[in-house]
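Encoded as structure tokens, the structure appears first; notes follow it.
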Protein chains: 2
Amino acid sequence: MNCEPSHPGPTPLPASARLEAQLGFILEIDKVKSVLRQTLLTDESRRENDAEHSWHLALMAITLQEYAPAGLDIHRAVTMLLIHDLVEIDCGDTFCYDEAGMVGKHEREAAAADRIFGLLPADSGGPLRELWDEFEERRTPESRFANALDRLQPMLHNCATAGGAWREHGVTADRVLRRNRIIGAGAPELWAYARAMIVDAVARGLLDPGPDYERELAAG
Amino acid sequence: MNCEPSHPGPTPLPASARLEAQLGFILEIDKVKSVLRQTLLTDESRRENDAEHSWHLALMAITLQEYAPAGLDIHRAVTMLLIHDLVEIDCGDTFCYDEAGMVGKHEREAAAADRIFGLLPADSGGPLRELWDEFEERRTPESRFANALDRLQPMLHNCATAGGAWREHGVTADRVLRRNRIIGAGAPELWAYARAMIVDAVARGLLDPGPDYERELAAG
């Protein structure tokens, strides 16, 4: 009896080449520490970078997991958050209210994901590449919760820094409501809180309401 | 029959106070992004901070998990790495070769852990506080693997930056071998690799051997 598979997979890397590939990935991802976002640190000393943002989101997932959909695999959400911004090594950060910059963003980032996760041996890079797709597609409870936190964290920072990036870029409350409503799909209680934060920021004059404020507020 | 516990625990926080406490913790830990380590980024542009270091370690745990002891809970190690440096919000980073700075370090950090994890509701802050102890005690496979990565990452950066913090502080190879040998307790193959990196750094003149180099090398 022949127990060999008729179509064997690719020959595995020898141990040393495998570890070299893994360490090559680990050194490569160091670059994400130099990708700056629009969000300020809460002490307003500087802009936040993607690595520390990802760290913050991972710990938010752990400490806010009770607001995630029941039965969700929290570790899957944590891993997703740790890797979700690696593509910005090649593509840079696009400010989420920059509508021109958003055009073609997904295609550019998918090519970056192929390159970066492709540095790892296929048996570990492949699943991480799929996890990046899952985050982008927002179809699973894990990816909806992860995306909710990715939207909530800059809102917390903007509110803690007298309007922060919202004020700097003249973003209005109606646009904040429209863009971040998807928090409700991953964590309804956190969206209720975030919505109240927006209303409060408008009341405190940190955020201009914008022309569609009442309508967006009524939309939930 | 009385099914109530005779000594009920503390009254749970109402929902809104609970979320406020959780968000208070999340804003507090933003401060760890401003705690600088001695390690340079691989492009030598600046020193690394604790938040991005913790992110890097968490992704190292995920991508290098095959070198961890069999049966280890990798998610436990990841969570441990995400929180292990939060105490430095109060205590700052102590360079690991600063022997005077290491005196009393554990007691100072344990008090910081009480304060910081104490910001969370007890049912989530308590387990994280225990996880911090577990990391410090290095008795479990998870904590040994996490500590191994915490030692390995600065070595990778120092080798990628022509000696980096080692050269800046005049640290010799014998001390590097002595301090980092515990990598072998959590990830023997990674220690074999790290040891070869040290030998190579000495051969390339990035690291002075120091008086005890041959003896430390022979010690494994």
List pairs: first in region A:36-48 and touching a residue at least 60 places away in the same chain (Cβ under 8 Å), second assigned to a strand (DSSP E or B) and polar (S, T, N, Q), Cβ under 9 Å, 6+ apart or cross-chain? A:37/A:49; A:48/A:38; A:48/A:39
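Would you point out the residue of region A:77-116, among those that are of a type in the set (Asp, Glu) and within 22 Å of residue B:59 (Cβ to Cβ), that is surrounded by the fewest Cβ atoms within 10 Å (Cβ to Cβ)?
Applying the first criterion (of a type in the set (Asp, Glu)) to region A:77-116 yields A:85, A:88, A:90, A:93, A:98-99, A:107, A:109, A:114.
This time we only want the ones that are within 22 Å of residue B:59 (Cβ to Cβ), so: A:85, A:88, A:90, A:93, A:109, A:114.
On the way: A:85: 23, A:88: 21, A:90: 15, A:93: 20, A:109: 19, A:114: 13.
So the residue we want is A:114.
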State yes or no: is residue A:73 more than 22 Å from residue B:77 (Cα to Cα), surrounded by fewer than 22 Cβ atoms within 10 Å (Cβ to Cβ) and of a type in the set (Asp, Glu)? no
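Give B:145, B:135 a once-over and let me know the one that is away from chain A (no Cβ under 11 Å) and in contact (Cβ under 8 Å) with a residue 60 or more places away in the chain. It would help to see each step written out before you state the result.
Working: B:135 fails: in contact (Cβ under 8 Å) with a residue 60 or more places away in the chain.
So the residue among B:145, B:135 that is away from chain A (no Cβ under 11 Å) and in contact (Cβ under 8 Å) with a residue 60 or more places away in the chain is B:145.
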Would a scan of region B:204-220 turn up a residue that is within 14 Å of another protein chain (Cβ to nearest Cβ) and surrounded by fewer than 19 Cβ atoms within 10 Å (Cβ to Cβ)? no
Working carefully through the options A:72, A:120, find the one that is modelled with pLDDT of 95 or more and either within 30 Å of residue B:155 (Cβ to Cβ) or within 16 Å of the chain's Cα centre (by Cα) (or both). A:120
Looking only at region B:92-117, count how many residues are β-branched (Val, Ile, Thr) and at pLDDT 90 or above. 1
Helices (runs of 4 or more DSSP H) (entirely within region B:17-130) containing at least 3 residues that are within 14 Å of chain A (Cβ to nearest Cβ): B:50-63, B:74-83
Restricting region A:1-16 to residues that are in a loop (DSSP other than H, G, I, E, B) and small (Gly, Ala, Ser), the residue that is modelled with the lowest pLDDT: A:6
Quick check on region B:170-185. Is at least one of its residues within 14 Å of another protein chain (Cβ to nearest Cβ), surrounded by fewer than 19 Cβ atoms within 10 Å (Cβ to Cβ) and modelled with pLDDT of 95 or more? no
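The values are calculated or read from the model by the stated rules, or taken from the named source; none is laboratory data. Model, not experiment: these values are computed from the prediction. Ideal geometry is used to build each Cβ from the backbone, glycine not excepted, and the neighbour counts take in all protein chains shown.
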